[in-house]
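Colleague: Below you'll find the structure I mean.
Read the figures in this text as sums done on the coordinates, not as results from a lab. None of these values were measured; they are calculated from a predicted model.
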């Protein structure tokens, strides 16, 4: 089983090849990616992205987490988010299907990623070398 983070309304999980259509729905939308460094994606680019994400899942220690965001209630994929570690720094990001906007999902996912980053990645020497203050 892959990586999962559960919140009240969401499940953040490792992406699988079958996610490509739902991811492509928002990653090909010019308005969604207007201020991104990527996109809008072609179908081929979305499939390549998923292949890269699956390759990241094999990293040991794992430093990059690109996760599918699904609704806990229905399992519907509504966006993606990620946390990436580089040296002593880390960054998070997220992109959501605009049909699911204005419901607080991005905030909920970002909080879960930050909590994971500080409480799990930041405390596990097997995952990274961030100082833990202990």
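Colleague: Over all alpha-carbon pairs in the chain, figure out the percentage whose distance exceeds 23 Å.
Modeller: When all Cα pairs of the chain are counted, 32 percent exceed 23 Å.
Colleague: Restricting to Cα pairs below 8 Å that are 6+ residues apart, what does the relative contact order work out to for the chain? Please round to a whole percent.
Modeller: After rounding, I find 23 percent.
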